[in-house]
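Beneath this line is the structure, given in structure tokens, with notes to follow.
The values are calculated or read from the model by the stated rules, or taken from the named source; none is laboratory data. All values reported here derive from a predicted model rather than from experimental measurement. Note that we place each Cβ from the backbone using ideal geometry, even for glycine, and neighbour counts take in every protein chain shown. These area figures cover heavy atoms from the full protein model, side chains too; ligands, DNA and RNA do not enter into them. Shrake-Rupley method; radii C 1.70, N 1.55, O 1.52, S 1.80 Å.
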Amino acid sequence: MNFNLEKIKNFSVLTIQDERIDAHNSAELKEYLLDMIESGESHIIVQLKQVRFIDSSGLGALLFGHKHMTAKAGQFALSNIQAQVLSMFELTRLTRVFEIYSDINEVLTN
């Protein structure tokens, strides 16, 4: 899985550069998120602007990161979600679980 990690203000911004998050690469995403959280990151934004497809294992990987970050009283937000991917979050009602922003600047200014 291709990631780009950068620091903006006090946020770690993880941009997923693959078009799919599915059973083939979701374990790698889980591991990467866990490493970030265990290394002390307390504010993570996952940008999904290039992701065009996500399946249940991809949603599970993001939930895993959210759960572990919440346990450490940190912030875990998603941004720049494509319409077809956002529909999966809406269908599974995960829009009630995640902080979802249309643009990264919304997160940075909140």
Ellipticity estimate at 222 nm from DSSP helix runs (n ≥ 4, -39,500 (n - 2.57)) divided over the chain, nearest 500 = -12000 deg cm²/dmol
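Give the calculated FRET efficiency between GLN82 and SER57 to the nearest 0.05, with a Förster radius of 22 Å applied to their Cβ-Cβ distance.
Working: r = 18 Å, r/R0 = 0.82.
It comes to 0.75.
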Once phi is turned into θ = phi - 60°, what whole-Hz ³J(HN,Hα) does the Karplus curve with 6.51, -1.76 and 1.60 give for every residue of the range 92-102, x standing for Gly and Pro?
-> 8, 6, 6, 5, 7, 9, 8, 7, 10, 10, 6
Order of exposure, largest accessible area first, which applies to SER87, SER39 with probe 1.4 Å = SER39, SER87
Backbone N under 18 Å from the ASN10 label point (7 Å along Cα→Cβ), restricted to the range 53-76 | 69-76
Looking at the chain, send over the antiparallel percent of its DSSP beta bridges, to the nearest 5.
-> 30
If you roll a 1.4 Å probe over the heavy atoms of the protein chains, what accessible area per residue do you get for the chain, in Å²?
-> 53
Using Cα pairs under 8 angstrom and six or more residues apart, how large is the relative contact order of the chain, in percent?
-> 26
Taking protein heavy atoms only, a 1.4 Å probe, and rounding to whole percent, the accessible area of the chain owed to carbon and sulfur comes out at 48
Applying the Karplus parametrisation 6.51 cos²θ - 1.76 cosθ + 1.60 with θ = phi - 60° to the phi angles of the range 25-36, what ³J(HN,Hα) value in whole Hz is obtained for each residue in order, glycine and proline being reported as x?
-> 10, 5, 5, 5, 5, 4, 4, 5, 5, 4, 4, 4
Whole-Hz Karplus ³J(HN,Hα) for the range 62-68, in order, using 6.51 cos²θ - 1.76 cosθ + 1.60 and θ = phi - 60°, x for Gly and Pro?
-> 5, 4, 4, x, 4, 4, 5
Cleavage-rule hits, GluC sites (Glu not before Pro), the range 1-56, DSSP coil, Cβ neighbours within 10 Å at most 14 | GLU19
